[in-house]
Structure formats: structure tokens, C-alpha cells
1. Report yes if residue 254 is of a type in the set (Val, Ile, Thr), closer than 23 Å to residue 163 by Cβ and surrounded by fewer than 22 Cβ atoms within 10 Å (Cβ to Cβ), otherwise no.
2. Of the conditions (1) closer than 30 Å to residue 96 by Cα; (2) assigned to a strand (DSSP E or B), residue 241 satisfies every one except a single condition; which number is it?
3. Scan segment 193-206 for residues that are crowded, with 19+ Cβ neighbours inside 10 Å and in a helix (DSSP H, G or I) and report the count.
4. What is the number of the single condition among (1) of a type outside the set (Lys, Arg); (2) over 26 Å from residue 18 (Cα atoms); (3) modelled with pLDDT of 95 or more that residue 159 does not meet?
5. Please determine whether any residue of segment 331-344 is of a type in the set (D, E, K, R) and over 21 Å from the mean Cα position of the chain (by Cα).
6. In segment 18-46, how many residues are in contact with a strand residue (DSSP E or B) (Cβ under 9 Å, 6 or more places away or on another chain) and touching a residue at least 40 places away in the same chain (Cβ under 8 Å)?
7. Of all strands (runs of 3 or more DSSP E) completely enclosed by segment 92-177, which ones contain at least 1 residues that are small (Gly, Ala, Ser)?
8. Name every residue in segment 39-50 that is over 23 Å from residue 322 (Cβ atoms) and surrounded by 15 or more Cβ atoms within 10 Å (Cβ to Cβ), in order of residue number.
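The values are calculated or read from the model by the stated rules, or taken from the named source; none is laboratory data. If you're wondering where the values come from, they're calculated on a predicted model, not measured in any experiment. With ideal geometry, Cβ positions are generated from the backbone for all residues, glycine too; neighbour counts draw on all protein chains shown.
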Amino acid sequence: MGRAFVYVILGGGVAAGYAALEFTRKGVSPGELCIISEEPVAPYERPALSKGFLLPESPARLPSFHTCVGANEERLTPKWYKEHGIELVLGTRVKSVDVRRKKLLTATGETISYKILLIATGARALKLEEFGVDGSEAENVCYLRDLADANGLVNVMQSCSSGNAVVIGGGYIGMECAASLAINKINVTLVFPEVHCMARLFTPKIASYYEEYYQSKGVKFVKGTVLTSFEFDSSGKVMAVNLRDGSQLPADLVVVGIGIRPNTSLFEGQLTLEKGGIKVNGKMQTSNDSVYAVGDVAAFPVKLFGETRRLEHVDSARKSAKHAVAAIMEPKKSGEFDYLPFFYSRVFGLSWQFYGDNVGEAVHFGDYSSGTFGAYWISKGHLVGSFLEGGTKEEYEAIAKATSLKPPVEDLAELGQQGLNFALTISKKPQPALPIEVSRSTSGLVLEKPVYAWHAAAGLVLTASIAGFAYWYGRRRRRW
């Protein structure tokens, strides 16, 4: 028993939906494309799960956040897939993949073959048991990775109104869930081992602003320690959390957000892996030319950094999916994926955006008391990263463009004084129409150099010389 498709997308997350939309725009025919997903619903926007889905009033529910509304595109409901002749194979786990034979085997025993496979398997949430702590199966211990997790969390939230919640982890999931729980009038304590929240991105100064804001909303912070065990009641529910520093916190609800791990197990030993994910080139193509990978699972070359990285964010999933499909459908027209890393979050009444890389020296700017502030990161004399809280659409676009241009920065003090005006000015400057030569410095930073007239002249001379030699050599060959 089996089915065959020209294109198969393995995974039903954000990237799968955006890839499907791009396939239709590039002219895929009805019956050629199939999406296989373990989830029982069509692809949806995962960011909604830690934001609108958890709100106490008018919470987001499907079909309102099916992809691709996150990028202001049309909403891809099950009806949309049917109208475009795209097969949705939902609630189906793939047991194995044979890349050489281009076949997938589902848990039910069905074989699905393909000509081109697009891997969009994403990542799974790390479990406490992987760190030596038992208790994940307790009904009031929640993770947040998919719709089933979100439904479970909402059910527990509703049963412990005005109760105590302990959130484990100070990253994206921890911060966004803590905010949502506080909005639901639940007493929240956020626990993490780092010295401040969002340690992978925030500077201490930026982090202190958000921690103070959260505290003003009733959220407590316990930093520099980790969960070691739970206390359970007679029914098996968690009633307290034990920490390494010896303290104990009462808990009616525990939310765990301690990181993710890419879903690569089906391809180990078949495709090249790197940075914990599946290595791809600038066209999102793996070590097998009939297989592509996108989203959280893909490790791809980031030109801004001059190295391969794996980025865990919805924007990367959306854009890498679209680029991969363009490379599949129009290989001669598509270039290398030139992505500016972008991260964002919205909590309470706050909203921040970050572009680029947070390496080098951070230069803070803005008025923290007004709620509009930010930072630039300078490495090897160039702007490589920008962060802004409370900006306008124009200001966010300005820091994005400025970061992508990587302008030189000589005076850090002056940069701090200019603040947002630096990005606004840089972004409005007309760019030279000269051709651009891209080179990589030893630091890995991509530098752009204008190609001057003498370069062009030298190129013409070289081209003419090669052409002359080719003509002479061709005539000699004919005589031989």
C-alpha cells in the first residue's frame, strides 16, 4: 500500500504552511504536493500559543491563526489546501525515511514516495527527565510546543485561578508564559539558572528593565538556581517545587520552558548534520540533492555572520521555507539565502525587535523611563546587531536596514548619543550604485567593497586575453 507525490513536506509546523503557499505561487499542480504531520490539524502560527491563545478574554482559537496570517498573507485553512489540490496527511507519524530510495514509511505501514522532500520537522521541547528530574507526566506540569500542549495548559490555568504557578526557564517560553499567567491573575514565580532573564540575547541593563516591569505586574524572580525535584499530593499532582538552593515553592501549576532539540533522528546517518540540525547550503539543500530542510531543524549559512547557524525563530522558519521552494521550483532564478536574523516578542504592553547578532560591545541608547530604548552591538568596528523596545514601524525598519548594511562605527560614545537617529540616518542614505564585491574577513564579518573602475578595466583585459588564447587554441586543435 502506498502513494506517490512529486513534492512531500515532512512536518506540519509554521514552515510547512509557508512552503505550501509558495509552492502554489510557483505553479505546483493539484495532486503533486503532500504535507505529512503528526498533529491532527493543518499548519498554524505557533507564536500564538504563548500569546493570544492564553489570554483570558477573546483568546485566539483555530481557524483564526492558521498559517499564513502571521505575515499578513491569506489564511491557509483546510479548505484552502483542498481547493489547491494539496494532500494533508494529518495525525500521522513517519516511522522511517529512506533517502536513497526516496520513500517514507508511516507508523500505520503506508509507504509514501517522493521526488523532492522538504524537511520541516522543527524541534521538540526538552523534558525535565533529560536533566534527571522526574514528574513530567503529572497533569499540572505543562510544556508548550504544540496545540495539544496549549490546550492542556489552558485547562490547568482555568482550574487554578488565583493559585501559584512556577515557570521553569527564563527564555522565550518562560517569559511569554509568565506574562500570560500573570494576566490570568495567577501568582507567578519565574525560576532560571542564569543571572538575568533572556540571557542569550539581553544585556544586564536591558534585562533589568523587563524584570522590573514583570515585578510591577506581580511576577517574582528566583535566579541562579534550578529545579531539583517535585513534591506530589496523594493524587499525583505537583504541589511544590524544590530548588537547588534549598528553597521550596508552592505550585498549583508548573510550566517548563528549558529549550528545544531539533527533530533529526529520522535522518541521522543519511544526511550531514551540523550545529544540532541538518546542514544545508544557501538554497536550503541538504547533502542529498533531492532533500531540502527549513525552519528550526536547518543549519544554514548566514552571510552576516560568515558561518553556518541554526536559528530557532518563526521568522527564519517562514523565510527559509519560501526560499527553499523557490530554489526547488525555479533553481536557475533563485540565489543564495541572504537572511538577516530577526527575533521579536510581545508581552504585556511591551514589544521588542532584534536584528543581527549580539556579539562585540553593546552600546545602549534611549530613555528607559519612557519605554523606548535599545542597543547596538559593534564588532570589529562595524554594526552587527540592533535591539529596540517600543519603536514605531519606521524605527524598526530603520534598525533592520542599518544592521543589514553593517556600517562602520568609530566612536561608541557618539553612537550612544545619536541612538535611533543613527539607524534612521543610515537607512535613508542613498546606497552607491557601484557593483559590490563580497569578501570575508578573518572575523567572519561580511564586508562590502566597491569595485572601482580599474578593477573593471583589468577584468576586460583579462577577458580579452582569455578569449584570444581560446581562439588561438581552437585553431591549433582543428589543425591537429
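1. no
2. All conditions pass for residue 241, except number (1).
3. Adding up the residues that qualify gives 1.
4. (3) is the only condition that residue 159 fails.
5. yes
6. Matching residues across segment 18-46 total 17.
7. Fully inside segment 92-177 and qualifying: 94-98, 111-113, 123-125, 164-168.
8. If the condition is that a residue be over 23 Å from residue 322 (Cβ atoms) and surrounded by 15 or more Cβ atoms within 10 Å (Cβ to Cβ), then 50 is the only one that fits.
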